[in-house]
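What follows is a short report on a single structure.
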Amino acid sequence: MAAHAERGMSAPPEVVFSTATDPDRAAAWLPQPLRSDGRSRPDVSPGQMRARWASGSASGWSAEIRVEPAPAGGAQVQLDLTGASGQADPGQAEETLANLAREVAENLTAG
């Protein structure tokens, strides 16, 4: 079963989504088994601000994010993370979103 985590971010949803799906930033926030060498890309539904990553091997790892506008501004991000055994540690899902939040903050200050 996938581990689920949610987190608010104080950036526009479009910035959060573009940061999450930027292949140059993926290695900084995705768990190691899902980090790409540039060959694999997430399956993206830009209109719905959804993206899904799956490992290229038979390890069973996958991650799916959904980004939505938060009622008070910013974005709300939901993550479902599945590990090698078909399960994932909820703490790892929280850590993954914390890593994404750092990348979003860095993206905002760089631009």
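A few points about this structure:
- When residues in the stretch 82-111 are screened for being under 16 Å from V16 (Cβ atoms), in contact (Cβ under 8 Å) with a residue 60 or more places away in the chain and not small (G, A, S), 9 of them pass.
- Inclusion of A72 among residues that are modelled with pLDDT of 85 or more and either buried (at least 17 other Cβ atoms within 10 Å of the Cβ) or in a helix (DSSP H, G or I) (or both) is not warranted.
- Test for V16: is it open to solvent by less than 40 Å² (accessible area, probe 1.4 Å), assigned to a strand (DSSP E or B) and modelled with pLDDT of 95 or more: no
- Boolean, W29 is aromatic (F, W, Y) and open to solvent by 20 Å² or more (accessible area, probe 1.4 Å): no
The values are calculated or read from the model by the stated rules, or taken from the named source; none is laboratory data. Treat the numbers as computed from the prediction; the structure is a model and nothing was measured. Counting neighbours? That spans all protein chains shown, and the Cβs are built from the backbone with ideal geometry, glycine included. Each accessible area value is taken on the protein alone, full model and side chains, heavy atoms only, with ligands, DNA and RNA left out. Shrake-Rupley method; radii C 1.70, N 1.55, O 1.52, S 1.80 Å.
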